[in-house]
Amino acid sequence: MRRPKSKEFRKQQRLSEEDEINLLNSWIQAQKPDSGTNPMSLKPLPKNSPVGRLGDNTFSRYAGVVRFEQLPLSKKTKDALRASKFVSMTDIQRASLPHSLCGRDVLGAAKTGSGKTLAFIIPVLEKLYRERWDVEAGVGSIIISPTRELAAQIFDVLTSVGKNHGFSAGLLIGGRKEVAIEKESVNKLNVLICTPGRLLQHMDETPYFDCSEMKVLVLDEADRILDSGFKRELNAIISQLPKRRQTMLFSATQTKSVQDLARLSLKDPEYLSVHEESITATPTLLKQIVMTVPLDQKLDMLWSFIKTHLQSKTLVFLSSCKQVKYVFEAFKKLHPGIPLKCLHGRMKQEKRMAIYSEFCEKRSVLFSTDVAARGLDFNKAVDWVVQVDCPENVASYIHRVGRTARYKSDGKSVLFLLPSETQMLEKLKAAKVPVHLTKPRKELLQPVSSLLASLLVKYPELQLRAQRAFVTYLRSIHLQKDKEIFDVLKLPIDEYSASLGLPMTPKIRFLNRNIKSKAVSTKSSLVEPEVRNKENVLEGSRGKPATVVFKDEETENDLLHAADTSSEGNMTSTEIGELVNSFIKEEKAQD
Ligand SMILES: Nc1ncnc2c1ncn2[C@@H]1O[C@H](COP(=O)(O)OP(=O)(O)OP(=O)(O)O)[C@@H](O)[C@H]1O
């Protein structure tokens, strides 16, 4: 047990901290890099050069140095970095820290897995330390992340690198029930790590919530937070923050949009894009494969992939929650020989966190929506990223594949492209993403459709899931913005339905309203022109009409959506309960 520290000891400590802060402030001031320069272009200090104060009011240069020890950082931060085995800086850390430590606004862009988190955590800790921030001072910094899992990961890095400091930090993310408890403590937190929705909820509802003294704002995955999905929340948040602050934006696909930056009122930001000259936009150690796979063979391909990679840790991206749920449930019942997991925005938060942690620890296959596409640094390296459905754009591709080949590890990824989606290849090439186009070896394909068809006979609830997966996939293609790549009318819909194991093709009436004329000339069998208003009513076209009615739920975006079991389609609560119980039992059996 630690002995209580004496008054004298605390006084000594305070005095030595004051000395240290004075030294750090003078050092930072004296050796500021010029605005608009990239410290990476400077030579590193010669080996064994003295660091810190060199003589009367002269200090060592810190722009261009390669080791954390050579930066003007507090002993508390340096000790924690050393304890976590962080010794040399990555490129983005070398480029941005000299600017951010002297209080400048920073726009940082660097490849996935290249250490952007420390590039903003360190200046946050140092700013608050040098300002002598304490619990009574309230909120000093806000770090915003687009997803809950990423916020939790940032929180872990902060608590590890900031462990010797006395700051209080809080994780404010949606889906957690402790809002009331959070409301009581939020004003005592020095660093808030949050998703936009939850932060805004506190701004709106928590009495006396005060961030008027906040000094540093960070947007991780900035381009995502600034895009239209978070527009309302972000504008409302920014309007409540003090204008005098330091702002830092980081992403592998950074925004340069003047409008975006104007929304944040950045002051002469330093734009540090360390891999812009690199010949690839993705990590060098990432091997990327693209295969053209017809829609009705995608599940065969995925199943074959899983069966032939039983020793790998694999992250599989699908385009909607409902696809994730169906493929996960169905494949699990087929026992491929490796644990399967799933992650999507409609799961309860505790479950989401548990799955995320389990996937960090164990070899398994994780089926996920784009909720896992950005920022996550799964502890034990992911071997493969499999994109079953084409991502909505190149940025999304870059973030998805970036879940592997992180820092100095290697990794592999494969993208299944439909014959109608091959335009994506041009876009990847234009964005400096090096992919190898490979033909699938058909002789190795292990067909799964007939197995799925038998499963659907045995498990009626699975049939419902398959129908939902079918509808949401087509809807997601229909709603994609990039019409050069995505064209729902080019899809072999009957074959796709059969490949999911469905006995008949559900009819997709949402296609009717918007693309009626085009549909009539191409796939008119999809469309029933007389139906106008009953969106999402499914009917069977290869057999008896199915009677599933979907609610507006289908139109919602999967991403960041709070778990809400009350909107589980038209299932009764007993059915949902049974389904959940059977999932839990089977999952336990698998693990
Ligand atoms: N200086 C360093 N030395 C050694 N390892 C580092 C260093 N900086 C970061 N790392 C490690 O590199 C990995 C990737 O870092 P991080 O998650 O910050 O990447 P990122 O650039 O934010 O990626 P993404 O764009 O996917 O969000 C982490 O495991 C982190 O611990």
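Considering only the range 110-134, how many residues are assigned to a helix (DSSP H, G or I), of a type outside the set (V, I, T) and either within 17 Å of A252 (Cα to Cα) or within 11 Å of the ligand (Cβ to nearest atom) (or both)?
Here the count works out to 4.
Does L107 count as farther than 17 Å from K76 by Cα, within 16 Å of the ligand (Cβ to nearest atom), touching a residue at least 40 places away in the same chain (Cβ under 8 Å) and in contact with a Phe, Trp or Tyr (Cβ under 8 Å, 6 or more places away or on another chain)?
yes
Do the conditions hold for H309, that is, is it within 21 Å of the chain's Cα centre (by Cα) and of a type outside the set (F, W, Y)?
no
Cβ contacts < 7 Å: first residue at positive phi, restricted to the range 114-136; second residue within 15 Å of the ligand (Cβ to nearest atom) and not in a loop (DSSP other than H, G, I, E, B), any location; separation 6+ or different chain. Result?
Partner pairs satisfying both residue conditions: G115/I92; G115/Q93.
Quick check on R374: is it of a type in the set (K, R), within 16 Å of the ligand (Cβ to nearest atom) and assigned to a loop (DSSP other than H, G, I, E, B)?
yes
Would you pick out the residues in the range 332-350 that are touching a residue at least 60 places away in the same chain (Cβ under 8 Å) and in a helix (DSSP H, G or I)?
Across the range 332-350, the qualifying residues are K332, K333, Q349.
Residue under question is T77, and the condition is that it be within 15 Å of V274 (Cβ to Cβ) and surrounded by 15 or more Cβ atoms within 10 Å (Cβ to Cβ); does it hold?
Taking the combined requirement at face value, the residue does not satisfy it.
So Y62 ticks every box in (1) in contact with a strand residue (DSSP E or B) (Cβ under 9 Å, 6 or more places away or on another chain); (2) in a loop (DSSP other than H, G, I, E, B); (3) surrounded by 12 or more Cβ atoms within 10 Å (Cβ to Cβ) but one. Which box is left unticked?
All conditions pass for Y62, except number (1).
(1) within 16 Å of the ligand (Cβ to nearest atom); (2) surrounded by fewer than 20 Cβ atoms within 10 Å (Cβ to Cβ); (3) part of a helix (DSSP H, G or I): which one isn't true of M353, the others all being true?
So M353 meets the others, but not (1).
Can you give me the number of residues within the range 357-394 that are over 12 Å from the mean Cα position of the chain (by Cα) and touching a residue at least 12 places away in the same chain (Cβ under 8 Å)?
Looking only at that region, the number is 26.
Report the residue count in the range 76-97 for those that are part of a helix (DSSP H, G or I) and either within 7 Å of the ligand (Cβ to nearest atom) or not polar (S, T, N, Q) (or both).
So the answer is 13.
Looking at the range 186-205 only, could you name the residues that are surrounded by fewer than 12 Cβ atoms within 10 Å (Cβ to Cβ) and either more than 16 Å from N235 (Cβ to Cβ) or not assigned by TED's automatic domain parsing to the domain that holds W133 (or both)?
E205 - this is the single residue of the range 186-205 that is surrounded by fewer than 12 Cβ atoms within 10 Å (Cβ to Cβ) and either more than 16 Å from N235 (Cβ to Cβ) or not assigned by TED's automatic domain parsing to the domain that holds W133 (or both).
From the list T438, T369, which one is over 30 Å from E178 (Cβ atoms) and out of contact with any Ser or Thr (no Cβ under 6 Å at 6 or more places or on another chain)?
Checking each option against the conditions leaves just T438.
In the range 16-36, is there at least one residue being farther than 21 Å from N164 by Cα, out of contact with any strand residue (DSSP E or B) (no Cβ under 8 Å at 6 or more places or on another chain) and hydrophobic (A, V, I, L, M, F, W, C)?
yes
Could you pull out the residue among L107, L128, L97 that is buried (at least 20 other Cβ atoms within 10 Å of the Cβ) and under 13 Å from V216 (Cβ atoms)?
L128
Looking at V385, V365, V394, which one is within 15 Å of the ligand (Cβ to nearest atom), closer than 30 Å to D296 by Cα and buried (at least 23 other Cβ atoms within 10 Å of the Cβ)?
Matching residue, one of V385, V365, V394: V385.
Just checking, does the range 38-57 include any residue being in contact (Cβ under 8 Å) with a residue 60 or more places away in the chain and either in a loop (DSSP other than H, G, I, E, B) or not aliphatic (A, V, I, L, M) (or both)?
Yes - at least one qualifying residue is present in the range 38-57.
Between a first residue in the range 80-99 that is under 16 Å from E276 (Cβ atoms) and among the polar types (S, T, N, Q) and a second residue that is assigned to a helix (DSSP H, G or I) and near the ligand (Cβ under 8 Å from one of its atoms), which pairs have beta carbons less than 9 Å apart while being 6 or more apart in sequence or on different chains?
T90/K116; T90/L118; T90/A119; S96/K116; S96/A119
For A519, are the conditions met, namely being in a helix (DSSP H, G or I) and either at pLDDT below 85 or of a type in the set (S, T, Y) (or both)?
Yes.
Y407 versus (1) within 22 Å of S304 (Cβ to Cβ); (2) within 15 Å of the ligand (Cβ to nearest atom); (3) hydroxyl-bearing (S, T, Y): which is the lone unmet condition?
The single condition Y407 does not satisfy is (1).
With the condition kept exactly as written, say whether any residue in the range 144-156 is more than 16 Å from the ligand (Cβ to nearest atom) and buried (at least 24 other Cβ atoms within 10 Å of the Cβ).
Taking every residue of the range 144-156 in turn, none turns out to be more than 16 Å from the ligand (Cβ to nearest atom) and buried (at least 24 other Cβ atoms within 10 Å of the Cβ).
If the Cβ limit is 6 Å and pairs must be 6+ apart or interchain, which residue in the range 421-433 that is in the same structural domain as Y397 (by TED's automatic domain parsing) pairs with which residue that is polar (S, T, N, Q)?
Cβ pairs passing all conditions: K432/T280; V433/T282.
The values are calculated or read from the model by the stated rules, or taken from the named source; none is laboratory data. Because the structure is a prediction, the values reported are computed rather than measured. Cβ: placed from backbone, ideal geometry, glycine included. Neighbour counts: every protein chain shown.
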